[in-house]
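**Q** Take a look at this one; I'll ask things after.
The values are calculated or read from the model by the stated rules, or taken from the named source; none is laboratory data. Keep in mind that this is a model prediction, so the values were computed, not measured. Neighbour counts are summed over all protein chains in view; Cβ atoms, including those assigned to glycine, are modelled from backbone coordinates with ideal geometry.
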Ligand SMILES: *[C@@H]1O[C@H](CO)[C@@H](O)[C@H](O)[C@H]1NC(C)=O
Ligand SMILES: [Zn+2]
């Protein structure tokens, strides 16, 4: 993530009216089932308390983010990894191998582009659980780190920016993989009754070249995202009756939502909603967090405690706010993809300083993010974790869910 030289300024969304008009037009011409599937809100199947507890305990939801363990996913990613360097390739290979080992379809999208330092080579990683699925929900983050020419800044690690979100995505793939397999099995045996959901797979995109080499401009930033959005918008797909889409279907139009994670892992983040059309998804994520708090899985903090603080800013305070922060979602947003941008704002204090290293990360915060994403994505995809009592006994195990909702 980056902003222009003037600092943490939010750009105003110039095309808002255009987008609104497009949105209304689409609503008018598509049949109701399509509308419900694509543009509107749909009911999430909330996990039970027992399922939530099982999901956060198995597999262990802290281990992949442990920077004191040199073999954790996060430690493997947390090295300087500027685009078109050996270390960038090492991290790229680590991410790709981890996902290939889960039997995901992994594509390396390699291309070159001009930068202020000449032509550079970039590679996005696209990992898909089921490449034959009609649609997908994309969770994304950038895996490159920012280039600085001189010592000590050339040792910049980008722990929050965005090593931690990348490690979280690998954890998400591992945790959800058996549940996605089970959903498929049950659908094949007619035991999973939602055909639309069964046709939606999970795709993880690790963008390269998000960072500007010099100052953030339209042509010196989000290299990987610009390349991929353009490519997908001009890749036409064969007809597929399950897509329920208009005849000329592009790769881009089979994305239900792009959920972009950035600048996460530092203590006390504040997350705001930027887009009205995905406000319901924002609320659903906040609801996942709240129910996790109720389940008593956030170390020592429960929803009823005085020190409870949600990561998410309640939406009603910001209903006038159509501003957004420039990031990898922009090229996709411009092409009409529905976006949920999960980014700490204000940015972590260490942003683009040498201090954005392991010491900037807070274990409890990272652990909470990991649990939120597991629950949220399970509910999005209609996955059903076990509700057997987990092996870990918690003080709040007997606490019933309260009927009051968000
Ligand atoms: C590559 O990563 C290693 C850590 O594994 C680090 O010591 C080294 O400085 C990095 N190389 C560059 C060019 O940043
Ligand atoms: Zn950055």
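**Q** Looking at region 144-171 only, could you name the residues that are part of a loop (DSSP other than H, G, I, E, B), away from ligand 2 (no atom under 12 Å from the Cβ) and in contact (Cβ under 8 Å) with a residue 40 or more places away in the chain?
**A** Taking region 144-171 and keeping what is part of a loop (DSSP other than H, G, I, E, B), we get 144-152, 156-158.
Then keep just the ones that are away from ligand 2 (no atom under 12 Å from the Cβ); that gives 149-152.
152 - this is the single residue of region 144-171 that is part of a loop (DSSP other than H, G, I, E, B), away from ligand 2 (no atom under 12 Å from the Cβ) and in contact (Cβ under 8 Å) with a residue 40 or more places away in the chain.
**Q** Identify the single condition in (1) over 20 Å from the mean Cα position of the chain (by Cα); (2) part of a loop (DSSP other than H, G, I, E, B); (3) more than 15 Å from ligand 1 (Cβ to nearest atom) that residue 111 does not satisfy, given that it satisfies every other one.
**A** (2)
**Q** In region 130-146, which residues are within 16 Å of ligand 1 (Cβ to nearest atom) and closer than 20 Å to residue 96 by Cβ? Don't jump to the end; show me each part of the working.
**A** Pass one, region 130-146, residues within 16 Å of ligand 1 (Cβ to nearest atom): 143-146.
143, 144, 145 - these are the residues of region 130-146 that are within 16 Å of ligand 1 (Cβ to nearest atom) and closer than 20 Å to residue 96 by Cβ.
**Q** Taking the condition modelled with pLDDT of 95 or more, more than 16 Å from ligand 2 (Cβ to nearest atom) and surrounded by 17 or more Cβ atoms within 10 Å (Cβ to Cβ), does residue 78 pass? Full working, then the answer.
**A** Values: modelled with pLDDT of 95 or more: yes; more than 16 Å from ligand 2 (Cβ to nearest atom): no; surrounded by 17 or more Cβ atoms within 10 Å (Cβ to Cβ): yes.
No; evaluated as a whole, the condition is false for this residue.
**Q** Let me ask something else about it. Just to be sure, is residue 368 over 20 Å from residue 283 (Cα atoms) and either away from ligand 1 (no atom under 16 Å from the Cβ) or touching a strand residue (DSSP E or B) at 6+ places or on another chain (Cβ under 8 Å) (or both)? Talk me through it step by step, then tell me what you get.
**A** Numbers: over 20 Å from residue 283 (Cα atoms): no; either away from ligand 1 (no atom under 16 Å from the Cβ) or touching a strand residue (DSSP E or B) at 6+ places or on another chain (Cβ under 8 Å) (or both): yes.
Considered against the rule, which asks whether it is over 20 Å from residue 283 (Cα atoms) and either away from ligand 1 (no atom under 16 Å from the Cβ) or touching a strand residue (DSSP E or B) at 6+ places or on another chain (Cβ under 8 Å) (or both), residue 368 comes out as no.
**Q** Restricting attention to region 276-296, which residues are at pLDDT below 90 and touching a strand residue (DSSP E or B) at 6+ places or on another chain (Cβ under 9 Å)?
**A** 277
**Q** Is there a residue being at pLDDT 95 or above, closer than 30 Å to residue 297 by Cα and in contact with a strand residue (DSSP E or B) (Cβ under 6 Å, 6 or more places away or on another chain) anywhere in region 90-103?
**A** yes
**Q** Moving on to the next point. Scan region 42-63 and give yes if some residue there is under 30 Å from residue 223 (Cα atoms), assigned to a loop (DSSP other than H, G, I, E, B), away from ligand 2 (no atom under 16 Å from the Cβ) and in contact with a helix residue (DSSP H, G or I) (Cβ under 7 Å, 6 or more places away or on another chain), otherwise no. Spell out the reasoning first.
**A** Residues of region 42-63 under 30 Å from residue 223 (Cα atoms): none.
No, that holds for no residue.
**Q** Output the residue which, of all residues in region 188-199 that are under 21 Å from residue 255 (Cβ atoms) and surrounded by fewer than 20 Cβ atoms within 10 Å (Cβ to Cβ), is modelled with the highest pLDDT.
**A** Pass one, region 188-199, residues under 21 Å from residue 255 (Cβ atoms): 194-199.
Imposing the further condition that a residue be surrounded by fewer than 20 Cβ atoms within 10 Å (Cβ to Cβ) reduces the set to 194-197.
On the way: 194: 83, 195: 80, 196: 79, 197: 86.
Once the filter is applied, the top-ranked residue is 197.
**Q** Let me ask you something else. Which one of these does residue 100 not meet: (1) in a helix (DSSP H, G or I); (2) within 16 Å of ligand 1 (Cβ to nearest atom)?
**A** Condition (2) is where residue 100 drops out.
**Q** Something else about it: Could you check residue 181 against (1) under 25 Å from residue 371 (Cα atoms); (2) in contact (Cβ under 8 Å) with a residue 40 or more places away in the chain; (3) surrounded by fewer than 18 Cβ atoms within 10 Å (Cβ to Cβ) and say which number it fails?
**A** If we test residue 181 against (1) under 25 Å from residue 371 (Cα atoms); (2) in contact (Cβ under 8 Å) with a residue 40 or more places away in the chain; (3) surrounded by fewer than 18 Cβ atoms within 10 Å (Cβ to Cβ), just (2) comes out false.
**Q** Please find, within region 251-283, the residue that is surrounded by the fewest Cβ atoms within 10 Å (Cβ to Cβ) out of those that are more than 16 Å from ligand 2 (Cβ to nearest atom) and closer than 28 Å to residue 66 by Cβ.
**A** So the first thing to find is which residues in region 251-283 are more than 16 Å from ligand 2 (Cβ to nearest atom), and the list is 251-259, 267-268, 270-283.
After this cut, where a residue has to be closer than 28 Å to residue 66 by Cβ as well, the list is 259, 267-268, 270-271.
Numbers: 259: 23, 267: 13, 268: 10, 270: 13, 271: 19.
So, considering only residues that are more than 16 Å from ligand 2 (Cβ to nearest atom) and closer than 28 Å to residue 66 by Cβ, the one surrounded by the fewest Cβ atoms within 10 Å (Cβ to Cβ) is 268.
**Q** Also: Quickly run through region 147-172 and pick out the residues that are within 16 Å of ligand 1 (Cβ to nearest atom) and surrounded by fewer than 24 Cβ atoms within 10 Å (Cβ to Cβ).
**A** First, pick out the residues of region 147-172 that are within 16 Å of ligand 1 (Cβ to nearest atom): 147-159, 161, 163, 166-167.
147, 148, 149, 150, 151, 152, 153, 154, 155, 156, 157, listed by residue number.
**Q** Here's a follow-up. Among the numbered conditions (1) under 15 Å from residue 99 (Cβ atoms); (2) assigned to a helix (DSSP H, G or I), tell me where residue 182 comes up short.
**A** Every condition holds for residue 182 apart from (1).
**Q** Further question: Of everything in region 336-354, what is out of contact with any strand residue (DSSP E or B) (no Cβ under 8 Å at 6 or more places or on another chain) and either within 12 Å of ligand 2 (Cβ to nearest atom) or farther than 30 Å from residue 230 by Cβ (or both)? Give them in sequence order. It would help to see each step written out before you state the result.
**A** Here is the first cut: in region 336-354, the residues out of contact with any strand residue (DSSP E or B) (no Cβ under 8 Å at 6 or more places or on another chain) are 336, 346-354.
If the condition is that a residue be out of contact with any strand residue (DSSP E or B) (no Cβ under 8 Å at 6 or more places or on another chain) and either within 12 Å of ligand 2 (Cβ to nearest atom) or farther than 30 Å from residue 230 by Cβ (or both), then 346, 347, 348, 349, 350, 351, 352, 353, 354 are the ones that fit.
**Q** Working only within region 95-130, note down all residues that are in contact with a helix residue (DSSP H, G or I) (Cβ under 7 Å, 6 or more places away or on another chain) and free of Cβ contacts under 8 Å to residues at least 24 places away in the same chain.
**A** 106, 108, listed by residue number.
**Q** Shifting gears a bit: Select from region 311-332 the residues that are at pLDDT 95 or above and either assigned to a helix (DSSP H, G or I) or surrounded by 21 or more Cβ atoms within 10 Å (Cβ to Cβ) (or both) and list them in ascending order.
**A** 312, 327, 328, 329, 330, 331, 332
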